[in-house]
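A quick write-up on the structure given underneath.
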Amino acid sequence: MKLIKVMFIFIFLLITLAGCAEQKLLEQVGLTTLLGYDLGENEKLSTTAVIRQVNPEFQSNVEIVSAENETARGSRAEINRKTSKKIMSGQMRVVLFGEELAEDGIAHHIDTLSKNSDTSGSIIVAVVEGETKSLLEYQFQEIDDIGTHIYKLLEQNIKNEQMISSSLHEVAHDYYSLGRDIAIPIIKRDEEHVEISGVALFNKGKMVGKLSTEESFYVKLSRDLYDSAMFEITIPKEALPESQTKNSPERIPVVIDTINTKKQVKLINPQTPEFDMHITVNGRLLEIEANMDLDNSKNVKRLEEEIGKSIAKNLESVLIYCQDVKSDAFGLGEYYRSSVRHSNLTHEKWHEMYSATKVNIKVDFTVLRSGIFE
């Protein structure tokens, strides 16, 4: 019994001392939750850090600090000299690149971040329209912690499959992979809101183009598999029965959700090169701006065919744009490399071939019998 009491006292003291140590540690450091990089003056790197600081009463405040230097580490050292507490990056969740810097190239920064043992591979990477500094330093009326807000904005859209995933690990993988280019979200400030505005396309480490948020669906469709998502598409009015589309617009909006996909890509001609891409999409029909009789199996079949054609057409349009800007966001080079033995493929050689690549896209869409009808 005496031994138990001694052990109980020992454990209590240990917990108390650990709590004091943790409190003391938090009082001494500032936790960087977000870093933004821009091109500075005279080709220097401008770094803006969102830092959460905790006071002795465990109340926290957010501080925005900027600095310029020749390197990222040098800028962070400058930031550390501007704060009263030692800056630590263990809680960093997001890294942002200004648009001008992204066009100049982010390869060195991706390489540096991925090799930094203090940086988690799960942090989210994104591009900012304009400069990251002006976005982060803006005094939002309803946003107390801009770092946490941007992280949650990106996280929930990626988790709900409304945007392609862009963790540091994935971005570094795409950068180092032969036959696949980086594609990451773009965010911007719209008055008092921060929103995702599209997708940045890269060739190697340089941003070469951008897609809208609607077009980003097709990038993800070509790169990954969907398990559950929602998207809107339009189909031509004349493709459906005239008796059921009298009051419908020329392009009829259709909303699909809970989609799941399968994809097959096959190289059929290594010389051109030419691929067959077959995508199977299943989804619930949530909304359609037409008075269709969806109890009629012929109507449903016709609708499925038209949705499949529209998806294929839009996917082809996005692919053509990616070819024009020479960004293989679809990852077709990986399929080529894995299919052609001893191809001696290089990044430069593949992008010359990629511009002339032909892709035969076929999409089979099936309406799941749930949603607006049974």
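Placing a pseudo-label 7 Å from each Cα along the Cα-to-Cβ vector at LEU178 and LYS266 gives an inter-label distance of 2.6 nm. Given R₀ = 41 Å, what would the calculated FRET efficiency be for GLU155 paired with LYS246, taking r from the Cβ atoms and rounding to 0.05? Using R0 = 41 Å, I get an efficiency of 0.40.
For the chain, carbon and sulfur atoms together expose 49% of the accessible surface, with a 1.4 angstrom probe and every protein chain in place. For the cross-link pairs LYS263/LYS309; LYS237/LYS262; LYS44/LYS86, the ones whose C-alpha atoms lie over 26 Å apart are LYS237/LYS262.
From its DSSP helices (H runs of at least four residues, each -39,500 (n - 2.57)), the chain gives a residue-normalised ellipticity at 222 nm of -11000 deg cm²/dmol. Note on GLU192/GLU352: beta-carbon distance plugged into 1/(1 + (r/R0)^6) with R0 of 45 Å gives a FRET efficiency of 0.45.
Working note: Karplus 6.51/-1.76/1.60 with θ = phi - 60° gives region 290-299 the couplings 7, 8, 8, 8, 8, 7, 8, 4, 5, 5 Hz, where Gly and Pro are set to x. Compute a Gaussian network model of the chain, connecting alpha carbons closer than 10 Å, and tell me which residue from PHE231, PHE217, PHE202 fluctuates the most. The residue that fluctuates most here is PHE231. Full extension of the chain between THR213 and LYS86 gives 41.8 nm of extra length, using 0.36 nm per residue less the Cα-Cα distance. Counting only trypsin sites (Lys or Arg not before Pro) that DSSP places in a loop and that have at most 14 other Cβ atoms within 10 Å, the longest clean stretch of the chain runs over 116-245. The distance between label points at GLU232 and PHE140 comes to 2.3 nm (points 7 Å beyond Cα on the Cα→Cβ vector).
Note on GLU78/LYS298: beta-carbon distance plugged into 1/(1 + (r/R0)^6) with R0 of 51 Å gives a FRET efficiency of 0.15.
Taking all Cα pairs closer than 8 Å and separated by 6 or more residues, the relative contact order of the chain comes to 13 percent.
The values are calculated or read from the model by the stated rules, or taken from the named source; none is laboratory data. A quick note: this is a predicted structure, and the numbers were derived from the prediction, not measured. With ideal geometry, Cβ positions are generated from the backbone for all residues, glycine too; neighbour counts draw on all protein chains shown. Please note that ligands, DNA and RNA were not included when accessible areas were found on the heavy atoms of the full protein model with its side chains. Shrake-Rupley method; radii C 1.70, N 1.55, O 1.52, S 1.80 Å.
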